[in-house]
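Visitor: Once you've had a glance at the structure underneath, I'll fire off some questions.
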Amino acid sequence: MDLIVTHNNADFDAFSSLVAAKKLYPKAKLLMPGSQERAVREFLSLVKDKISFETERTCNLKNVKRLILVDTRHALRIGIAAKLLDNPSIEVHIYDHHPRMTSDIKGDKDVFQEVGGTVSILVDILRKKKKTKFTPLEATIMLLGIYEETGSLTYRTTTKLDVDTVGFLLSKGANLQAVASYLNRKLTEEELAFLTSLISSTQIIPINGINIAIATGEIKKFIGELGAIVRKLQDVENFPVLFVFFKIRKHIRIIARSRLKELDVNLEIGRASCRERV
């Protein structure tokens, strides 16, 4: 059995990459470990009868012969699927747009391309097969992934391939109105309050002529989607480079955003252990 997995706290690029990879591996099962971003959960509730996913409670790893990772290559982010990496007989394929690091999972097949969204890589592969068919729903899901990951094609990391893929998906019936409704949601009261605290904590540090914005916050309870809050912080304050440090119990989570070519933060910065005093 083939198993396709993405990272926990899945965003639309992760979700859409699963859907695209399923077209490359049609007999595979899909697994989203842990929870998903709120907008993704809401979307999933509408399409649960059309797209089937495994959860960590329902997924049986016994018969997996090939593991396919999309939008990540970090063992700590794929939940129970990481257990499969201890079996050398299992083939591992990786499709990701994050630069490789020494701590990454090593794949028998590793497809990397410096593009805005991982789903653009997968759609490009599918396009070259020519006979692949896309439903309007599939095209809309994939368009969601690209638009979210590239800030609707405005982020510095956006490439020609992302733009070309958008045009292709629109030709396959992708619904732009549906995309806009999910990406332009308002922050909840809790998220807005936390955003305000981040703005208050922000310091600007000039390094080699570049103003680096650094914000910090402590999370004692669930306050919403951190990725959405950071995107809003950068948009509101128009920071060219932003690092946000979240203290979550005894761990630190870092989310970075850059609009400058000179400073590439296109890395998966996950959680790192820390002491009580940070």
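The values are calculated or read from the model by the stated rules, or taken from the named source; none is laboratory data. Predicted model only: the values in this text are computed from it and were never measured. Neighbour counts run over all protein chains shown; Cβ positions are idealised from the backbone, glycine included. Just so you know, the surface numbers come from the protein's heavy atoms only, side chains and all, with ligands and any DNA or RNA stripped out. Shrake-Rupley method; radii C 1.70, N 1.55, O 1.52, S 1.80 Å.
Visitor: Please find, within the range 27-46, the residue that is surrounded by the fewest Cβ atoms within 10 Å (Cβ to Cβ) out of those that are among the aliphatic types (A, V, I, L, M) and part of a loop (DSSP other than H, G, I, E, B).
Guide: Of the residues in the range 27-46, the ones among the aliphatic types (A, V, I, L, M) are 28, 30-32, 39-40, 44, 46.
With part of a loop (DSSP other than H, G, I, E, B) added as a condition, the list becomes 28, 32.
Details: Ala28: 20, Met32: 26.
Across the range 27-46, the extreme among qualifying residues is Ala28.
Visitor: Turning to a different aspect of this structure: When both residues are 6+ apart or on different chains and their Cβ atoms are under 7 Å apart, which pairs have a first residue that lies in the range 47-65 and is under 14 Å from Met32 (Cα atoms) and free of Cβ contacts under 8 Å to residues at least 60 places away in the same chain, and a second that is open to solvent by less than 100 Å² (accessible area, probe 1.4 Å) and charged (D, E, K, R)?
Guide: Glu54/Lys29
Visitor: Confirm whether Lys172 is at pLDDT below 90, surrounded by fewer than 20 Cβ atoms within 10 Å (Cβ to Cβ), closer than 27 Å to Glu42 by Cβ and basic (Lys, Arg). I'd like the intermediate steps shown before the answer.
Guide: Values: at pLDDT below 90: no; surrounded by fewer than 20 Cβ atoms within 10 Å (Cβ to Cβ): yes; closer than 27 Å to Glu42 by Cβ: yes; basic (Lys, Arg): yes.
Considered against the rule, which asks whether it is at pLDDT below 90, surrounded by fewer than 20 Cβ atoms within 10 Å (Cβ to Cβ), closer than 27 Å to Glu42 by Cβ and basic (Lys, Arg), Lys172 comes out as no.
Visitor: Let me ask another. Is there a residue in the range 261-273 that is open to solvent by less than 80 Å² (accessible area, probe 1.4 Å) and at pLDDT 85 or above?
Guide: no
Visitor: Would you tally the residues in the range 183-211 being more than 22 Å from Ser152 (Cβ to Cβ), crowded, with 18+ Cβ neighbours inside 10 Å and in contact (Cβ under 8 Å) with a residue 40 or more places away in the chain?
Guide: 1
Visitor: For the range 52-74, how many residues are out of contact with any Pro (no Cβ under 7 Å at 6 or more places or on another chain) and within 25 Å of His98 (Cβ to Cβ)? Full working, then the answer.
Guide: We begin by selecting, within the range 52-74, every residue out of contact with any Pro (no Cβ under 7 Å at 6 or more places or on another chain); these are 52-55, 57-74.
Adding the requirement that they be within 25 Å of His98 (Cβ to Cβ) leaves 53-55, 59, 61, 64, 66-74.
Counting residues in the range 52-74 that are out of contact with any Pro (no Cβ under 7 Å at 6 or more places or on another chain) and within 25 Å of His98 (Cβ to Cβ) gives 15.
Visitor: Here is a further query. Can you pull out every residue in the range 131-160 that is open to solvent by less than 30 Å² (accessible area, probe 1.4 Å), closer than 27 Å to Asn238 by Cα and either at pLDDT 95 or above or part of a helix (DSSP H, G or I) (or both)?
Guide: Leu143, Leu144, Gly145, Ile146, Glu148
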